[in-house]
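Novice: Dumping the structure here so I can ask a few things about it.
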Amino acid sequence: MSLYAVMGHPIGHSLSPQIHEAFGALTGLDVRYERREVRPEGLAEALSAFRVQDGRGANITVPLKGEAYALAARTSARAERARAVNTLAWQGDGWFGDNTDGAGLIRDLTVNHGWSLRARRVLLVGAGGAAQGIVGPLLDAGIAHLSISNRNPERARDLVASCRDARAGVADIGVTGACPFEIVINATAAGLSGALPVLPDVLFEGAIVYDLMYGPKARTFLSHARAHGAREVADGLGMLVEQAAEAFLLWWGVRPPTESVLAHLRAEVGAGS
Ligand code: NDP
């Protein structure tokens with residue numbers, strides 16, 4: 001029986017096995033899916049061992065997305081654009097690398113939450129692996145402008161340059177007037193330590209605020225945003241489920257329904273704000 005897995009470090013917290021098993025039950029497919037603890041520089045070896053067990057597909061998470069991109073024999077256009085891979089599929093003679101993070105985010109924002117992205121001015125906070133995967137799909141979704149801010153400003157500049165799109169720029173967050181953004185997306189790992197990225201409070205006024213982090217770890221940021229006038233807030237649990245559905249589609253050729261899986265996980269994980 002073929003095997004699927006999520007690989008990263010740390011991996012003990014990953015909800016991916018639960019999500020993919022639930023997708024299997026909903027689609028009538030027999031899904032065998034495991035967690036694999038893989039440290040940086042260990043991915044090639046882990047994938048060889050995985051193949052011996054008939055490993056057919058892997059989700060790749062922190063800190064291995066760049067390594068997976070380098071190891072893939074072929075990549076999708078969206079992985080190429082992100083220069084990061086979060087999904088690998090075995091193709092008989094090598095790994096095909098894809099990046100489903102951006103598609104998962106866009107689907108959560110527009111379908112699950114019903115928020116239009118067209119002509120919106122968006123602030124993206126963070127320039128790590130997750131941010132790399134979502135900038136292209138955000139621009140493709142028809143936003144008016146994408147401003148990127150990061151603790152290390154050089155990484156923000158590099159990410160803007162990689163977009164090759166006049167609508168992307170480094171954020172000027174030294175604003176004192178009205179909030180210039182309609183949507184604020186937190187793609188930093190600050191919530192892991194209960195910290196807040198440094199942003200002027202005015203940036204939240206009237207904005208839709210989304211945190212890629214989910215459950216209790218999103219609460220510091222989203223509660224802060226709400227307290228400073230955010231119009232609506234949401235955590236990244238829906239993105240997690242939707243990016244997994246995209247990976248499932250790549251592996252099994254069918255996109256699973258996500259609504260019941262998301263509702264079940266929400267009850268387990270708790271609210272994000
Ligand atoms: P990376 O380690 O690649 O990047 C981390 C980013 O967070 C960098 O921009 C870093 O800034 C910034 N950062 C970290 N700590 C702080 C802080 N205290 N204040 C301000 N900025 C900070 O991680 P990823 O990009 O892969 O992931 C980011 C988050 O997104 C993770 O928490 C992850 O759980 C979540 N995620 C959620 C997904 C979902 O489906 N919901 C999918 C993918 C990721 P600097 O460059 O200055 O170090």
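Novice: Would it be correct to say that residue 223 is open to solvent by 50 Å² or more (accessible area, probe 1.4 Å) and touching a residue at least 40 places away in the same chain (Cβ under 8 Å)?
Specialist: Numbers: open to solvent by 50 Å² or more (accessible area, probe 1.4 Å): yes; touching a residue at least 40 places away in the same chain (Cβ under 8 Å): yes.
When the stated conditions are applied, residue 223 passes them.
Novice: With (1) away from the ligand (no atom under 14 Å from the Cβ); (2) surrounded by fewer than 17 Cβ atoms within 10 Å (Cβ to Cβ) as the list, and residue 143 as the residue in question, which single condition is left unmet?
Specialist: For residue 143, the exception is condition (2).
Novice: Ok, one more. Counting only residues that are out of contact with any strand residue (DSSP E or B) (no Cβ under 7 Å at 6 or more places or on another chain) and basic (Lys, Arg), which one in the stretch 146-162 is most open to solvent (accessible area, probe 1.4 Å)?
Specialist: 151
Novice: I would also like to ask the following. Filter the stretch 64-81 down to residues that are without any contact (Cβ under 8 Å) to a residue 40 or more places away in the chain and farther than 26 Å from residue 37 by Cβ and give me whichever is surrounded by the fewest Cβ atoms within 10 Å (Cβ to Cβ).
Specialist: Ranking the qualifying residues of the stretch 64-81, first place goes to 77.
Novice: With 42, 28, 8 as the choices, which residue is crowded, with 17+ Cβ neighbours inside 10 Å and modelled with pLDDT of 95 or more?
Specialist: On the way: 42 fails: crowded, with 17+ Cβ neighbours inside 10 Å; 28 fails: crowded, with 17+ Cβ neighbours inside 10 Å.
Answer to the selection: 8.
Novice: Given the structure, is residue 85 surrounded by fewer than 18 Cβ atoms within 10 Å (Cβ to Cβ), within 16 Å of the ligand (Cβ to nearest atom), touching a residue at least 24 places away in the same chain (Cβ under 8 Å) and under 28 Å from residue 259 (Cβ atoms)?
Specialist: On the way: surrounded by fewer than 18 Cβ atoms within 10 Å (Cβ to Cβ): no; within 16 Å of the ligand (Cβ to nearest atom): yes; touching a residue at least 24 places away in the same chain (Cβ under 8 Å): yes; under 28 Å from residue 259 (Cβ atoms): yes.
Answer is no for this residue.
Novice: Select, from 233, 184, 198, the only residue that is within 15 Å of the ligand (Cβ to nearest atom), at pLDDT 95 or above and either touching a Lys or Arg at 6+ places or on another chain (Cβ under 8 Å) or not assigned by TED's automatic domain parsing to the domain that holds residue 133 (or both). Working first, answer last.
Specialist: Numbers: 184 fails: either touching a Lys or Arg at 6+ places or on another chain (Cβ under 8 Å) or not assigned by TED's automatic domain parsing to the domain that holds residue 133 (or both); 198 fails: at pLDDT 95 or above.
Only one candidate qualifies: 233.
Novice: Please work out if residue 189 is surrounded by 22 or more Cβ atoms within 10 Å (Cβ to Cβ) and either within 19 Å of the chain's Cα centre (by Cα) or at negative phi (or both). Outline the logic, then answer.
Specialist: Numbers: surrounded by 22 or more Cβ atoms within 10 Å (Cβ to Cβ): no; either within 19 Å of the chain's Cα centre (by Cα) or at negative phi (or both): yes.
No, not satisfied.
The values are calculated or read from the model by the stated rules, or taken from the named source; none is laboratory data. Remember, predicted model here, so these are calculated numbers, not experimental data. For neighbour counting, all protein chains shown are included, and Cβ atoms are generated from backbone atoms with ideal geometry for every residue, glycine included. The area values use the complete protein model at the heavy-atom level, side chains included, leaving out ligands, DNA and RNA. Shrake-Rupley method; radii C 1.70, N 1.55, O 1.52, S 1.80 Å.
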